[in-house]
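The values are calculated or read from the model by the stated rules, or taken from the named source; none is laboratory data. None of these values were measured; they are calculated from a predicted model. Glycine gets a Cβ as well: all are built from the backbone with ideal geometry, and neighbour counts include every protein chain shown.
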Amino acid sequence: MGKAKKGNVVKIHYTGKLDDGTVFDSSEGDKPLEFTVGAEEVIAGFDKAAEGMEVGEKKTVTIQPEDAYGPHHDELIETINRDRIPEDIHLEVGGQIQATQPDGESIVLTVVDMTDGQVTLDANHPLAGKALTFDVELVEIA
C-alpha cells in the first residue's frame, strides 16, 4: 500500500500523554482514529506525524503547542459573578460548562476557581500551551 500521503484516509491507534506522563486521551480498547491526511480534521502535528507512515509502523511524536491546541491566552480567563450562571448548572473546580457566545457559537469553559460569589472561567482549550506526546500506530490506509 505504501506510505500515507495527503488525501489518504488513515486509521491510527494512539495514546496521548503530557510531559509528566499523564495520559489525556487514547484509542486503546476503542476503534482507531480515522481521518484524511492533510484535510485539517485533526491537530496539525498529528496530521504531519501520519504523513509518510506505513501500515503497521509505530512511532512516538512530540507536538509543540503551536501545532496542537495553540498557546494559553491569559485574556481568555475571566472572573464573573456567580449569579450570571443559572443556578441549575453544577459548578466545581476542574469541571466544564458550555456557554453560548453573543454570535451564537457555543464554547466550553473550564471552572478554574470559585468563591461564594464569584466564578473564574477559562475559555482556553484544556490542552492549550502544552506539548503533547503521542505513541501512534498506523493500522490502515483506506
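Before moving on, here are some points about what is shown:
- Residue check for G94: at positive phi and loosely packed, with under 12 Cβ neighbours inside 10 Å: yes
- Reported count of residues in the stretch 1-25, each being in contact with an Asp or Glu (Cβ under 9 Å, 6 or more places away or on another chain) and within 15 Å of V61 (Cα to Cα), is 6.
- Residue among D83, D88, D67 that is within 17 Å of H125 (Cα to Cα) and either touching a Cys at 6+ places or on another chain (Cβ under 6 Å) or not aromatic (F, W, Y) (or both): D67
- Single match in T62, T79 (criterion: touching a Gly at 6+ places or on another chain (Cβ under 9 Å), surrounded by 11 or more Cβ atoms within 10 Å (Cβ to Cβ) and at pLDDT 95 or above): T62
- So F46, is it part of a helix (DSSP H, G or I), closer than 24 Å to A131 by Cα and either of a type in the set (K, R) or out of contact with any Lys or Arg (no Cβ under 7 Å at 6 or more places or on another chain) (or both): yes
- Leading residue by the ranking (farthest from the chain's Cα centre (by Cα)) among those in the stretch 1-23 that are of a type in the set (A, V, I, L, M) and at pLDDT 95 or above: A4
- Taking the criterion of being among the β-branched types (V, I, T) and surrounded by 14 or more Cβ atoms within 10 Å (Cβ to Cβ), the residues of the stretch 1-38 that qualify are V9, V10, I12, T15, T36, V37.
- The stretch 69-118: number of residues that are of a type in the set (D, E) and closer than 23 Å to A131 by Cα: 2
Listed here are the residues, each with its yes/no results for (1) touching a strand residue (DSSP E or B) at 6+ places or on another chain (Cβ under 6 Å); (2) part of a loop (DSSP other than H, G, I, E, B); (3) within 30 Å of V37 (Cα to Cα).
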site: G70; (1), (2), (3): no, yes, yes
site: E75; (1), (2), (3): no, no, no
site: I97; (1), (2), (3): yes, no, no
site: D103; (1), (2), (3): no, yes, no
site: D116; (1), (2), (3): no, yes, no
site: L127; (1), (2), (3): no, yes, yes
